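Take a look at the structure set out below.
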Amino acid sequence: MSTDSASPTAPSGRHPISVAHLVMGLVFAGFVVIWALFETDSVVGHDLRWLLPIPWLFAGGAGLLATAVRPRRRKAPATPTSDLPPLSKENDDD
């Protein structure tokens, strides 16, 4: 028995980016940073109106960038298995 964790059939390389998760994660991180700045009195209340749009703009730009650099082609669909029954044309009234 082999103790090798990597199997020769396992795909390697980069996994696809979930752009929605990336954008919302960046927005959340940005709001945490703004909250921390507010709690440490680094910014005062009237500065928040200028700081709150920054996470949305930054995350939106990152989402557009991630969408632009995403590979256009997807992998070819897997070959059909023999477990599936063939398609029948029972309702074909020619």
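Any read-out appearing in this document is the output of simple, stated calculations on the displayed coordinates, not a laboratory observation. Quick caveat, the model's predicted, so the values are computed rather than measured. For neighbour counting, all protein chains shown are included, and Cβ atoms are generated from backbone atoms with ideal geometry for every residue, glycine included.
Placing one equal scatterer on every Cα of the range 19-69 and applying the Debye formula, the log10 ratio I(q)/I(0) at q = 0.23, 0.28, 0.33 Å⁻¹ is -0.77, -0.97, -1.17. Measuring nothing but how far apart in sequence close Cα pairs (under 8 Å, 6+ apart) lie, relative to its length, the range 19-69 scores a relative contact order of 59 percent. Obtain the nm distance between the two label points defined at residue 20 and residue 49 by a simple spin-label model: each point lies 7 Å from its Cα along the Cα-to-C-beta direction. That separation, rounded to one decimal, is 3.3 nm. When 42, 88 are arranged by Cβ crowding within 10 Å, least crowded first, meaning fewest neighbours, the order is 88, 42. Modelled label positions at residue 62 and residue 28, each set 7 Å beyond Cα in the direction of Cβ, lie 1.2 nm from each other.
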